[in-house]
Amino acid sequence: MLYETLTQPIVFLWLFLGGIATGFLFDLRNILINKTKKQQILKEIITFFTVILTFFAFYYLNLKFNYGQFRLWTVAVFSLSICLQRFLMNKFVALPLTKCYNKIKEKSNARRKRKHKEI
């Protein structure tokens with residue numbers, strides 16, 4: 001068997017894991033965009049760098065593990081893993097983190113109100 005054929009499961013695995021990591025990058029992008037509510041230019045810059053980092057991640061993984069051979073299945077695996085992370089992991093990661101953030105924010109606001117009453 002050809003060496004390139006034997007390494008396809010490893011390529012598949014690395015592209016899948018790279019797509020999941022890139023999906024977390026998009027989650028980070030969403031968090032940053034929510035923090036910059038009125039600054040449209042900053043939102044566009046964050047989105048631009050996220051997309052550029054995604055392309056570089058795909059290019060690097062493909063170059064490193066697939067010897068630079070771009071094929072349809074490599075693009076499909078990378079894209080599907082991003083989609084899986086965005087849709088499935090959102091329920092398991094983003095929602096609990098949002099709840100923790102809201103609890104911390106409520107405690108901080110309560111402390112601030114108590115401190116304001118004391119003064």
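Taking the options Phe58, Phe49, name whichever one is of a type in the set (Phe, Trp, Tyr), part of a helix (DSSP H, G or I) and touching a helix residue (DSSP H, G or I) at 6+ places or on another chain (Cβ under 8 Å).
When all the criteria are applied, what remains is Phe58.
So, in the range 66-90, exactly how many residues are in contact with an Asp or Glu (Cβ under 9 Å, 6 or more places away or on another chain) and not in a helix (DSSP H, G or I)?
Residues that pass the stated criteria total 3.
Hey, can you tell me all the residues within the range 17-46 that are in a helix (DSSP H, G or I) and charged (D, E, K, R)?
Hits for the range 17-46 are Asp27, Arg29, Lys35, Lys43, Glu44.
When only residues in the range 41-66 that are under 16 Å from Leu13 (Cβ atoms) and aromatic (Phe, Trp, Tyr) count, which is modelled with the lowest pLDDT?
Here the residue is Phe65.
Under 6 Å by Cβ, and 6 or more places apart or on different chains, what pairs join a residue from the range 9-25 that is under 11 Å from Phe65 (Cβ atoms) with one that is among the charged types (D, E, K, R)?
The qualifying pairs do not exist here.
Can you tell me which residues in the range 55-109 are loosely packed, with under 11 Cβ neighbours inside 10 Å and either at positive phi or in contact with a Phe, Trp or Tyr (Cβ under 9 Å, 6 or more places away or on another chain) (or both)?
Gly68
The values are calculated or read from the model by the stated rules, or taken from the named source; none is laboratory data. Everything numeric in this text was worked out from a predicted model, so none of it was measured. Cβ coordinates were reconstructed from backbone atoms using ideal geometry, including for glycine residues, and neighbour counts include every protein chain displayed.
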